[in-house]
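Here the structure comes first, spelled out in structure tokens, and everything after it is commentary.
Values in this text are rule-based calculations from the coordinates and carry no lab data. This is a predicted model, so every value here is computed, not measured. With ideal geometry, Cβ positions are generated from the backbone for all residues, glycine too; neighbour counts draw on all protein chains shown.
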Amino acid sequence: MEQLFSSIANLGFPIVISVYLLVRIEGKLNELTVSINELSKAISAIK
């Protein structure tokens, strides 16, 4: 039983951290996409 808890602790922690980081990165990627689109429009307006 103790080995089962140890396995869950060793595998669960990296999974939780990975999911957390993926959720954070997704938000940043969306913001980056919007910024790139705005930059594209600004460059097109200059030409």
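Helix 2-46 and the long axis of the chain differ in direction by around 0°, with both axes built from C-alpha atoms.
In this simple spin-label model, placing a label point 7 Å from the Cα along the Cα-to-Cβ direction at both VAL34 and ILE15 gives a separation of 3.3 nm.
Cα convex hull, the chain: 37 Å³ per residue, rounded to a whole number.
Were the residues from ALA45 through ARG24 laid out at 0.36 nm apart, the gain over their Cα-Cα distance would be 4.3 nm.
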